[in-house]
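The values are calculated or read from the model by the stated rules, or taken from the named source; none is laboratory data. Here the structure is a predicted model, which is why all the values come from computation and not from measurement. Positions of Cβ are generated from backbone atoms using ideal geometry, with glycine treated the same way; all protein chains shown enter the neighbour counts. Calculation scope for accessible area: heavy atoms of the full protein, side chains included, ligands and nucleic acids excluded. Shrake-Rupley method; radii C 1.70, N 1.55, O 1.52, S 1.80 Å.
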Amino acid sequence: MQRTAVVTGGAGGIGGAIVRAPTASGHEVAIVDREGEFAVDLGDEPAVRRVAERLGPRDVLVHAAAAFDRASLSDLDLATWRRVQAVNVESALWLCQALTPAMAQCGFGRVVFIASNTVWRPPAADFLPYVVSKAALIGIARSLSKPLGEQGITVNCVAPGLTRTPFTEANLPEEAFEEARARQAVPSTTMPEDIAGLVAFLASDAAGAITGQTLVADGGSILR
């Protein structure tokens, strides 16, 4: 039976690799991003709910979209804080709220949130809103694992380390990737396909016994 999936941020580096992995395994994938068939500003709650209605029933939800607005405690303003939490956290909740009832009716569902290893090792003070948002996703996965698990739905997180994407290459010097590799047990740069493979597994029938977990994919930089 063909599974159907929705991936937020599916036009990005990690999100694009995630889209390609389920497609290769036979999933029909809808991309929710700022452009495309299901175009939406994920910081706009009513717009997210309208897109969810258009999506219809889905077996798999992967939330990979993220806002990276940066601010330290002294510089943080309400607009920045609310935008990061709206895109990174709240949109995931609204999509879960809309899509999990149909999953429950089928007795099967997979929800995967893309978190970050910065939850355990914040790289800089101005990552405050981003790190908090990723920690919130981990809390949501844990909180939903029991009530949704009773309906056959698993909820997990994947926490990448620094991953080489067009965005990170454009915003970070090569030394940042070298420093990340130096901290890792496996000294190779994490690529989007590394994350996509793990997400594809968690979205599969084979991962039915895994829920409420956060799997760190960073070459062993964070050991938990």
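Among residues of the stretch 170-187 that are free of Cβ contacts under 8 Å to residues at least 60 places away in the same chain, those with a beta-carbon under 7 Å from a residue that is open to solvent by 90 Å² or more (accessible area, probe 1.4 Å) at least six positions away or on a different chain give the pairs R181/P187. Condition check for S74 on (1) surrounded by 16 or more Cβ atoms within 10 Å (Cβ to Cβ); (2) without any contact (Cβ under 8 Å) to a residue 12 or more places away in the chain; (3) of a type in the set (S, T, N, Q): one failure, at (1). Considering R142, R224, the condition of being in contact (Cβ under 8 Å) with a residue 60 or more places away in the chain, part of a loop (DSSP other than H, G, I, E, B) and more than 18 Å from A17 (Cα to Cα) is satisfied by R224 alone. The selection criterion, being within 18 Å of the chain's Cα centre (by Cα), assigned to a helix (DSSP H, G or I), surrounded by fewer than 22 Cβ atoms within 10 Å (Cβ to Cβ) and not β-branched (V, I, T), holds for R83. Quick check: anything in the stretch 143-157 among the hydroxyl-bearing types (S, T, Y), over 16 Å from the mean Cα position of the chain (by Cα) and modelled with pLDDT under 95? No, the stretch 143-157 has no match at all.
Entry remark, the stretch 150-195: residues being part of a helix (DSSP H, G or I) and under 19 Å from G16 (Cβ atoms) number 10 in total. Pull up the stretch 86-119, narrow it to residues that are buried (at least 20 other Cβ atoms within 10 Å of the Cβ) and in a loop (DSSP other than H, G, I, E, B), then point me to the one that is nearest to the chain's Cα centre (by Cα). This residue is A115. A count restricted to the stretch 206-223 and to residues that are out of contact with any helix residue (DSSP H, G or I) (no Cβ under 8 Å at 6 or more places or on another chain) and open to solvent by less than 40 Å² (accessible area, probe 1.4 Å) stands at 1. Across the stretch 167-202, which residue is surrounded by the most Cβ atoms within 10 Å (Cβ to Cβ) among those that are under 13 Å from I14 (Cβ atoms) and of a type in the set (S, T, Y)? Looking at the filtered set, the residue picked out is T190. Selection over the stretch 45-71 of residues that are free of Cβ contacts under 8 Å to residues at least 40 places away in the same chain and open to solvent by 30 Å² or more (accessible area, probe 1.4 Å) gives a count of 3. Checked against the criterion of being open to solvent by 30 Å² or more (accessible area, probe 1.4 Å), at pLDDT below 95 and closer than 24 Å to P192 by Cα, the candidates G15, G36, G10 yield just one match: G36. Candidates E53, E35: the one that is among the charged types (D, E, K, R), more than 16 Å from the chain's Cα centre (by Cα) and assigned to a helix (DSSP H, G or I) is E53. The lone criterion from (1) closer than 20 Å to M191 by Cα; (2) in contact with a Cys (Cβ under 7 Å, 6 or more places away or on another chain) left unmet by L61 is number (1). Inside the stretch 120-132, residues that are part of a loop (DSSP other than H, G, I, E, B) and either farther than 20 Å from T214 by Cα or out of contact with any helix residue (DSSP H, G or I) (no Cβ under 8 Å at 6 or more places or on another chain) (or both) make up a count of 4.
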